Amino acid sequence: MASEECKLSYLKELTEKLTIRDQELWERDRLVKLVFENCPAALVIWAVDTKLVFTLSAGAGLKHLGVEANTSVGMSLYEYFDTKDKKHVPIKMHLEALKGKSVNYNYEFADRTWHTHVAPLIDEKGKITGVTGCAFDITSYITQSAKIKKLEKQLAENKKV
């Protein structure tokens, strides 16, 4: 009888610890989600596995793409970009990251310009298990930069006159 009481006591204690751990993980997950959804920049973050299938998709910048968080999870980059071309810039860069390289590039997509960074996703054993990426919508920066260059050119031409 005492042995069964010990087992029940142990199970009760284990259940309480697991419940507390689950609550802490849930709260952390909720906080991470809030941070990415409320980031002041139009940021998108994602992760793909070694087959380039999305495992995560989040960030306030998703609204510029017309999608919600994690709607692309389970979809491959090939499906997302509707191509089979391994030389398509985002796919090519993700393949480079799978080889262990961190890569930056600008890419125009959905009428926006995205400054993108992808890097290998490495597990605790040092094995590459996928790619993590983030992209900032720099469309307004590009637009303003073009306007400034145009104004500078006009000013330079006016000085010649």
Open item on the list: Taking the conditions exactly as written (touching a Gly at 6+ places or on another chain (Cβ under 9 Å), open to solvent by less than 80 Å² (accessible area, probe 1.4 Å) and more than 21 Å from Gly66 (Cα to Cα)), does Ala119 satisfy them or not?
Closed with: yes
Open item on the list: Can you say whether Thr143 is of a type in the set (Ser, Thr, Tyr) and either surrounded by 17 or more Cβ atoms within 10 Å (Cβ to Cβ) or assigned to a loop (DSSP other than H, G, I, E, B) (or both), as far as the supplied structure shows?
Closed with: no
TODO: Please find, within segment 124-140, the residue that is least open to solvent (accessible area, probe 1.4 Å) out of those that are over 17 Å from the mean Cα position of the chain (by Cα) and under 18 Å from Ala47 (Cβ atoms).
DONE: Gly126
TODO: Would you mind stating whether Lys63 is exposed (fewer than 14 other Cβ atoms within 10 Å of the Cβ), free of Cβ contacts under 8 Å to residues at least 40 places away in the same chain and assigned to a helix (DSSP H, G or I)?
DONE: yes
Task: The lone exception for Ala97 - which of (1) among the small types (Gly, Ala, Ser); (2) outside any helix (DSSP H, G or I); (3) surrounded by 16 or more Cβ atoms within 10 Å (Cβ to Cβ) it fails - done: (2)
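The values are calculated or read from the model by the stated rules, or taken from the named source; none is laboratory data. Given the structure is predicted, the values throughout are model-derived calculations rather than measurements. No Cβ is skipped: glycine too gets one built from the backbone with ideal geometry, and neighbour counts run over all protein chains shown. These area figures cover heavy atoms from the full protein model, side chains too; ligands, DNA and RNA do not enter into them. Shrake-Rupley method; radii C 1.70, N 1.55, O 1.52, S 1.80 Å.
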